[in-house]
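The values are calculated or read from the model by the stated rules, or taken from the named source; none is laboratory data. Fair warning: this is a prediction, and the values are worked out from it, not measured in the lab. Because the Cβ atoms are built from the backbone with ideal geometry, glycine has one as well, and the counts that use them run over all protein chains shown.
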Amino acid sequence: MPVVAAFPAWAIAGAGRYLHWGVISVSVTNLLIVVVMLVLFVLALVVPFPRPRTKVRSSVGSTEDDAS
């Protein structure tokens, strides 16, 4: 039920309202869902992944172990 509470009541109740742009017709509820999905997609691209706070030493380029 919390997902339903996130959307305005006028966008869910009743027969639905539609926006028309020439031959394109979309309901207000579907438009809100698409906008939320686009915002989450852009945030996923922009927000950096969390990185560890400590540096890990890499042993890939180490020459000390190669000599023995």
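For segment 1-40, how many residues meet the condition of being assigned to a loop (DSSP other than H, G, I, E, B), surrounded by 10 or more Cβ atoms within 10 Å (Cβ to Cβ) and at pLDDT 75 or above?
Going through segment 1-40 one residue at a time, the tally reaches 2.
Just checking, how many residues over segment 41-50 are surrounded by 10 or more Cβ atoms within 10 Å (Cβ to Cβ) and part of a loop (DSSP other than H, G, I, E, B)?
Within segment 41-50, residues that are surrounded by 10 or more Cβ atoms within 10 Å (Cβ to Cβ) and part of a loop (DSSP other than H, G, I, E, B) number 0.
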